[in-house]
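Since the structure comes first, as structure tokens, the remarks are kept for the end.
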Amino acid sequence: MSVGVKFCKNCGHSFYGDLAVYCKRCAHLPIPLEKPMSLTLIEKISHFKLKIELVPSPLWYKSLASVAVPALWDNTRRKAYKLARYHCQVCGAGGTMICHELWQYDDSTCVAHLEGLQAICVMCNHVHHMGLAGLKSIGGQLDMNYVYQHFMAVNRCSWDDFCFASNYAQELYEHRSVLKWTQNFGRYSSLIVPI
């Protein structure tokens, strides 16, 4: 029995569970409301290789990269690049790599779990952090059309799929940004600067 991130059959929010199909908020409802079309789309985007991952605002500037001992972080990220043979682990592109932190958010316990690190290209990083990319676009540093096109090309999806994924990511962001989060750095805890 594997415990992992699931999407509530009723509201679509993510949660950790094994056999459960509803999050804690919806489990008490006598007759769950069915939303077949949105559930189909949520299921579809959950299988995309490249996802929009908006970090909840209480966790901004609290990444492993920002709290790790700099020399230890540099060594760790370089190992991730080498392990990936200096190619993006999402789209396969070469060039400049960024060490992306793979976080899982448990909405029921408000714990963000660092599950791993991944070498990714600059464009995949812009997709993952679409909000930050949008700010760069406003400042004239980035054309968001390239970011949108990259998302659709990597996931082999339509503009409508992109719009749904973007709106869904925004809904998750808004929901998670009002919660009080703690972080579990897991196997990477030894990299953190002692307080």
Next on the checklist: Testing Thr109 on (1) in contact (Cβ under 8 Å) with a residue 60 or more places away in the chain; (2) within 25 Å of Phe162 (Cβ to Cβ), one condition comes back false. Which one is that?
Outcome noted: (2)
Item to check | Residue identified as under 16 Å from the mean Cα position of the chain (by Cα), surrounded by 13 or more Cβ atoms within 10 Å (Cβ to Cβ) and within 25 Å of Tyr168 (Cα to Cα) among Leu64, Leu59 | outcome: Leu59
Next on the checklist: Of everything in the stretch 121-168, what is over 20 Å from Thr96 (Cβ atoms), in a helix (DSSP H, G or I) and either touching a residue at least 12 places away in the same chain (Cβ under 8 Å) or not assigned by TED's automatic domain parsing to the domain that holds Glu101 (or both)? Give them in sequence order.
Outcome noted: Gly131, Tyr148, Asn155, Asp161, Phe162, Phe164, Ala165, Ser166, Tyr168
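Any idea which residue in the stretch 174-195 is nearest to Glu53 (Cα to Cα), counting only those that are touching a Leu at 6+ places or on another chain (Cβ under 6 Å) and surrounded by 15 or more Cβ atoms within 10 Å (Cβ to Cβ)?
Step one: filter the stretch 174-195 for residues touching a Leu at 6+ places or on another chain (Cβ under 6 Å), giving 181, 185-186, 188, 191.
Checking the rest, the ones that are also surrounded by 15 or more Cβ atoms within 10 Å (Cβ to Cβ) come to 181, 185, 188, 191.
Values: Trp181: 16, Phe185: 18, Tyr188: 20, Leu191: 23 Å.
The residue in question is Trp181.
Does Trp60 satisfy the condition of being touching a residue at least 24 places away in the same chain (Cβ under 8 Å) and on the phi < 0 side of the Ramachandran plot? Steps first, please.
On the way: touching a residue at least 24 places away in the same chain (Cβ under 8 Å): no; on the phi < 0 side of the Ramachandran plot: yes.
No; evaluated as a whole, the condition is false for this residue.
From the list Glu174, Glu115, which one is under 30 Å from Ala71 (Cβ atoms), within 15 Å of the chain's Cα centre (by Cα) and among the charged types (D, E, K, R)?
Working: Glu174 fails: under 30 Å from Ala71 (Cβ atoms).
Exactly one of Glu174, Glu115 is under 30 Å from Ala71 (Cβ atoms), within 15 Å of the chain's Cα centre (by Cα) and among the charged types (D, E, K, R), namely Glu115.
The values are calculated or read from the model by the stated rules, or taken from the named source; none is laboratory data. Worth saying up front: this structure is predicted, and the values here are computed from it rather than measured. A quick note on method: Cβ atoms are made from the backbone with ideal geometry, for glycine too, and the neighbour counts reach across all protein chains shown.
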